[in-house]
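**Q** The structure follows.
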Amino acid sequence: MTEITAPKSPVTAEQFADEIREQLKYAQGVTVEQATAADVYVAAAKAVRNHLQDAWFTTQADTVNGNTKAVGYLSAEFLMGKQLENALLNAGLTDQFDAAVEALGFQPKDIVDAEYEPGLGNGGLGRLAACFIDSLASLGVPAFGYGIQYRYGIFKQQFDENGKQVETPDYWLSNEEPWGHIDYNRDQKVSFGGEVVEENGKKVWKPAWSVRAVPVDYLVPGYKSQRVNTLRLWTARSYDEFDLLAFNRSEYMEAVEPKVKAENISKILYPEDSTKVGKELRLEQQYFFVSASLHDAIRVFYPGQDKPDLTTFPDKITFQLNDTHPVIGIPELMRILIDEYGYDWDTAWTITQKTFNYTCHTLLPEALEVWPSSLIGELLPRHLEIIEKISDQFKAELKDKGVAENTINDMAIYTGDAVRMAYLATYGGSHVNGVAELHSQLLKDVTLKNFSDAYPDKFTNVTNGVTPRRFIKLANPALSDLITEGLGTDKWLSDLELLQGLAPLAQDDEFVKKFAAVKQANKHSFVGFAKDHYGIDIDENTMFNTMVKRLHEYKRQSLKILAVISRYAGIKNGTINADDVLPRTVFFGAKAAPGYYLAKMTIQLINNVSRVVNNDPDVKGKLAVHMLPNYNIEMAQNLIPATELDEQISQAGKEASGTGNMKFALNGALTVGTLDGANVEIRERVGAENFFLFGMNVDEVESLYATGYDPAKYYEADPRLKQAIDLVAGGTFSEGDRNAYAPLVADWLTKDWFMTLADFSSYANIQAQIEELYTHPLDWNRKAILNVANSGFFSSDRSIEDYLERIWHTGPLA
Ligand code: Z16
């Protein structure tokens, strides 16, 4: 084992400035005088990367030769956020950077801002993957993140003059991207299509076409661990640049067709969150990165070996399947072992089952991928055969266990017409986990009940977490300093349970005032950020009330906007006394999947409520609403620390976990929320008296579905709700056009699948409690401090420790 060397010895600010100058001169070819903030950003990124290089080499060597098994995190998404500040923090170069950049005549903030945020994920699942690889590196666990370097990330969101969402492409690679190392020498070939033939009694796959998978490596530096792991994102290239014959005949478009077809594979991120898409290209993407990654792991762990002993593969690396997206990896590893390395079926199966584990991130049945067999057969004919055989073996195993015939049919992996990827993952791996206690329980009781009955020991829970480095230290430096002052140490950044030491300080009025001042300063900063970025004016002396997350019916942005409308109407018509109204600014941020009709209409409604409310002198100073465009990591880092009241109002039993909820609690916002996902655990930890709970629980939701849900009944019963819906239907937010929101209104009144109307009264009623508390700032802030103090559990370091213990059975390098 190689000795751990510290990152390149710490440098002074002067030395770091020289390193930046050197990069500007020799790598970018610009003088200091010519350099723009964007140039300095690239130069500083490369300079800090150089400081991490030795630790990266050491970690790579120890990953292969060291004392513990590595983790491979297979994920279609990694939503990393900007990298520079994080790399500086983990390299211990933040102060040097600040001084060096100033010496060069720039503001550090302008340099950090010059980075373009990569959007290689949709939302929670992709951001969780980014938090997890941060924690793996910080804990010193050898790990690879494996995914796709999409050329276009999640679309950029704008709003047109009618308030409708407009998507524009996110061409994030149009400027120099200093972090990724493209490595043409460690490429992999990934094949598709064709047919399976028998040769000498053996199945042989004769694919029709292949693409070249080229890895782009990103450093994943650990915080204070001296370790730097690897995020390996594959990009698709063509083996044939163009077809020379076609080109010679002047058929230019046809000539580049093979190149276009190959490169399309890594071209775009599907902009869907918790909804399945079932498109051929998506399956191509999934197979592309999973096949390349499995072959890569064999190359890494058995270097130069033609006949490696792959029975040891599960001792070298354990692969986590992040949702169903990488589950094609199960038949792919079977194929590799049998067809490429000559193992028999049973040996291959033992290896495969030991190698994989599956995390389910949803409770929506429609989000569990099911692929038509015809599609798999066309694209991956050998895999379809293997899946059929796995399915048969599974049925036989269930029969042996005495499982009833009809239950066995219900559990089919391969139905003849389709392949159910969640079932394949559950059978094909060692462990299955949900992402919060409630979610894992519902997986066992409902979604995967038959599987849990047949294999109870497979099922476990790992509650999600978030990295305190990005979401406290970088996002909220003022709170970080106060925490360090309060605890007398900054060790909490790698041991977040230490935050508990803040609990007694909630009774110390001086500390509470300092805490309140930090929040106020963060609100003030956000006002500046919003002015710069969105050109809006915000009154910092109003309560900042935020709902940011993907737009989905189950998350119930509708509930929030209906409550806002009801408040607006109440002030206007005098049913609410304007003097009693606590001034609030409501922030929404949410992208809708481009094809999701009702979600897009909800965005349009929010924008138009914003237009009407913000321009109405009757509610001025009392209520303002902003739909902030293009919610992303940068906005989260600015808005979360400034938020006082966070909305986590999904229908109970629908949000698997949520991770925004954790970020808000850790930054001292109070939550108004339902008993859903990780809200349940947040409330348990911070204390019921420090959490605004409302709405039905899972059992109540279930019995209401069972007895027949009629939303119109709730509309008739609560005049506040009726008035709000009537205003939408009557054209108040569409310049008199009564049709503008007709489909949304019709859905509320006749379907309302996620029971927004049923929870409205409870939600509207709890607002009085919230506002009463807010008028007592010391009491409010005491509760906010207790939220921070008791949320240490929600560090992604703790999540990773749970995975290590319950699922991966590995640990840090010595
Ligand atoms: C996703 O972001 C999530 C689930 C899913 O099946 C697919 C995608 Cl792209 C989210 C869950 O909705 C959320 O509750 C959870 O916190 C997050 O994954 C991380 O587990």
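The values are calculated or read from the model by the stated rules, or taken from the named source; none is laboratory data. This one's a predicted model, so the numbers in the text were calculated from it and none came from an experiment. When we count neighbours, we look across all protein chains shown, and the Cβ atoms used for this are built from the backbone with ideal geometry, even at glycine.
**Q** Of (1) in contact with a Ser or Thr (Cβ under 9 Å, 6 or more places away or on another chain); (2) surrounded by fewer than 17 Cβ atoms within 10 Å (Cβ to Cβ); (3) within 29 Å of VAL435 (Cβ to Cβ), GLY695 satisfies all except one. Which?
**A** Of the numbered conditions (1) in contact with a Ser or Thr (Cβ under 9 Å, 6 or more places away or on another chain); (2) surrounded by fewer than 17 Cβ atoms within 10 Å (Cβ to Cβ); (3) within 29 Å of VAL435 (Cβ to Cβ), the odd one out for GLY695 is (2).
**Q** Filter the stretch 362-377 down to the residues that are within 9 Å of the ligand (Cβ to nearest atom) and under 17 Å from SER452 (Cβ atoms) and list them by number.
**A** Scanning the stretch 362-377 gives THR362, LEU363, LEU368.
**Q** I need the full set of residues from the stretch 529-552 which are surrounded by fewer than 21 Cβ atoms within 10 Å (Cβ to Cβ) and in a helix (DSSP H, G or I), in order please.
**A** The answer is PHE529, LYS531, ASP532, HIS533, TYR534.
**Q** Restricting attention to the stretch 314-333, does a residue exist that is farther than 21 Å from GLY145 by Cα and either more than 16 Å from the ligand (Cβ to nearest atom) or modelled with pLDDT of 90 or more (or both)?
**A** no
**Q** Kindly list, by first and then second residue, each pair from a residue in the stretch 154-178 that is touching a residue at least 12 places away in the same chain (Cβ under 8 Å) to a residue that is of a type in the set (Asp, Glu) and crowded, with 17+ Cβ neighbours inside 10 Å, limited to pairs with Cβ atoms under 7 Å and residues at least 6 apart or on different chains.
**A** ILE154/ASP170; PHE155/ASP170; LYS156/ASP170
**Q** Could we say that ALA652 is farther than 19 Å from ARG567 by Cβ and more than 16 Å from the chain's Cα centre (by Cα) here?
**A** For ALA652, the condition - farther than 19 Å from ARG567 by Cβ and more than 16 Å from the chain's Cα centre (by Cα) - is met.
**Q** Quick check on the stretch 611-645: of everything there that is touching a residue at least 60 places away in the same chain (Cβ under 8 Å) and of a type in the set (S, T, N, Q), which residue is nearest to ARG584 (Cα to Cα)?
**A** Ranking the candidates gives THR643 first.
**Q** Restricting the first residue to the stretch 302-314 and requiring it to be closer than 22 Å to TYR73 by Cβ, which pairs with a second residue that is of a type in the set (Gly, Ala, Ser) meet a Cβ separation below 9 Å and a spacing of at least six or different chains?
**A** Correct list of pairs: LEU310/ALA348; PHE313/ALA297; PRO314/SER430.
**Q** Please find, among THR68, THR168, the residue that is closer than 30 Å to ASN608 by Cα and more than 16 Å from the ligand (Cβ to nearest atom).
**A** Result: THR168 is the single residue among THR68, THR168 that is closer than 30 Å to ASN608 by Cα and more than 16 Å from the ligand (Cβ to nearest atom).
**Q** Which of the residues spanning the stretch 291-312 are buried (at least 17 other Cβ atoms within 10 Å of the Cβ) and among the hydroxyl-bearing types (Ser, Thr, Tyr)?
**A** Residues satisfying the conditions are SER291, SER293, TYR302.
**Q** Follow-up. If a residue has to be within 14 Å of the ligand (Cβ to nearest atom) and part of a helix (DSSP H, G or I) to count, how many in the stretch 637-664 make the cut?
**A** Total satisfying the criteria: 5.
Residue by residue, here is whether (1) in contact (Cβ under 8 Å) with a residue 60 or more places away in the chain; (2) touching a strand residue (DSSP E or B) at 6+ places or on another chain (Cβ under 8 Å) holds:
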{"position": "ARG186", "(1), (2)": "yes, yes"}
{"position": "GLY193", "(1), (2)": "yes, yes"}
{"position": "GLU199", "(1), (2)": "no, no"}
{"position": "LYS203", "(1), (2)": "yes, yes"}
{"position": "PRO207", "(1), (2)": "no, yes"}
{"position": "ARG212", "(1), (2)": "no, yes"}
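**Q** Here's another thing I want to ask about it. Give the residue that is surrounded by the fewest Cβ atoms within 10 Å (Cβ to Cβ), with candidates limited to residues of the stretch 581-608 that are in a loop (DSSP other than H, G, I, E, B) and out of contact with any strand residue (DSSP E or B) (no Cβ under 9 Å at 6 or more places or on another chain).
**A** Looking at the filtered set, the residue picked out is GLY595.
**Q** Go through the residues of the stretch 762-776 one by one and say whether even a single one is more than 30 Å from PHE144 (Cα to Cα), modelled with pLDDT of 95 or more and buried (at least 22 other Cβ atoms within 10 Å of the Cβ).
**A** Yes, there is a match, as at least one residue in the stretch 762-776 is more than 30 Å from PHE144 (Cα to Cα), modelled with pLDDT of 95 or more and buried (at least 22 other Cβ atoms within 10 Å of the Cβ).
**Q** Related question: Return yes when SER440 is over 22 Å from the mean Cα position of the chain (by Cα) and either modelled with pLDDT under 95 or at negative phi (or both) and no when it is not.
**A** No; evaluated as a whole, the condition is false for this residue.
**Q** Right, something else. Can you go through ILE766, ILE800, ILE770 and tell me which one is in a helix (DSSP H, G or I), among the aliphatic types (A, V, I, L, M) and in contact with a Ser or Thr (Cβ under 7 Å, 6 or more places away or on another chain)?
**A** ILE800
**Q** If we scan the stretch 29-44, do we find a residue that is under 21 Å from TYR223 (Cα atoms), modelled with pLDDT of 95 or more and either of a type outside the set (D, E, K, R) or away from the ligand (no atom under 16 Å from the Cβ) (or both)?
**A** yes
**Q** Scan ALA137, ALA130 and give me the residue that is more than 16 Å from the ligand (Cβ to nearest atom), small (Gly, Ala, Ser) and either under 21 Å from GLU634 (Cα atoms) or not assigned by TED's automatic domain parsing to the domain that holds ALA593 (or both).
**A** Of ALA137, ALA130, the one residue that is more than 16 Å from the ligand (Cβ to nearest atom), small (Gly, Ala, Ser) and either under 21 Å from GLU634 (Cα atoms) or not assigned by TED's automatic domain parsing to the domain that holds ALA593 (or both) is ALA137.
**Q** What is the one condition in (1) closer than 25 Å to HIS809 by Cα; (2) over 27 Å from the mean Cα position of the chain (by Cα) that THR489 does not satisfy?
**A** Of everything listed in (1) closer than 25 Å to HIS809 by Cα; (2) over 27 Å from the mean Cα position of the chain (by Cα), THR489 misses just condition (1).
**Q** Hey, among ILE386, ILE408, ILE376, ILE390, which residue is in the same structural domain as GLN320 (by TED's automatic domain parsing), touching a Lys or Arg at 6+ places or on another chain (Cβ under 7 Å) and crowded, with 20+ Cβ neighbours inside 10 Å?
**A** ILE386 is the lone residue from the list that is in the same structural domain as GLN320 (by TED's automatic domain parsing), touching a Lys or Arg at 6+ places or on another chain (Cβ under 7 Å) and crowded, with 20+ Cβ neighbours inside 10 Å.
**Q** Restricting attention to helices (runs of 4 or more DSSP H) lying wholly within the stretch 348-419, give those where 1 or more residues are within 17 Å of ARG282 (Cβ to Cβ).
**A** Result: 373-379, 381-400.
**Q** Are any residues in the stretch 420-437 part of a strand (DSSP E or B) and over 21 Å from the mean Cα position of the chain (by Cα), and if so, which ones?
**A** If the condition is that a residue be part of a strand (DSSP E or B) and over 21 Å from the mean Cα position of the chain (by Cα), then ARG420 is the only one that fits.
**Q** In the stretch 45-56, is there at least one residue being surrounded by fewer than 18 Cβ atoms within 10 Å (Cβ to Cβ) and within 29 Å of the chain's Cα centre (by Cα)?
**A** yes
Results for (1) without any contact (Cβ under 8 Å) to a residue 12 or more places away in the chain; (2) closer than 18 Å to ILE148 by Cα; (3) touching a helix residue (DSSP H, G or I) at 6+ places or on another chain (Cβ under 6 Å), shown as yes or no for each residue.
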{"site": "ALA38", "(1), (2), (3)": "no, no, no"}
{"site": "ARG49", "(1), (2), (3)": "no, no, no"}
{"site": "LEU52", "(1), (2), (3)": "no, no, yes"}
{"site": "ASP62", "(1), (2), (3)": "no, no, no"}
{"site": "GLN96", "(1), (2), (3)": "no, no, yes"}
{"site": "ALA99", "(1), (2), (3)": "no, no, yes"}
{"site": "LYS109", "(1), (2), (3)": "yes, no, no"}
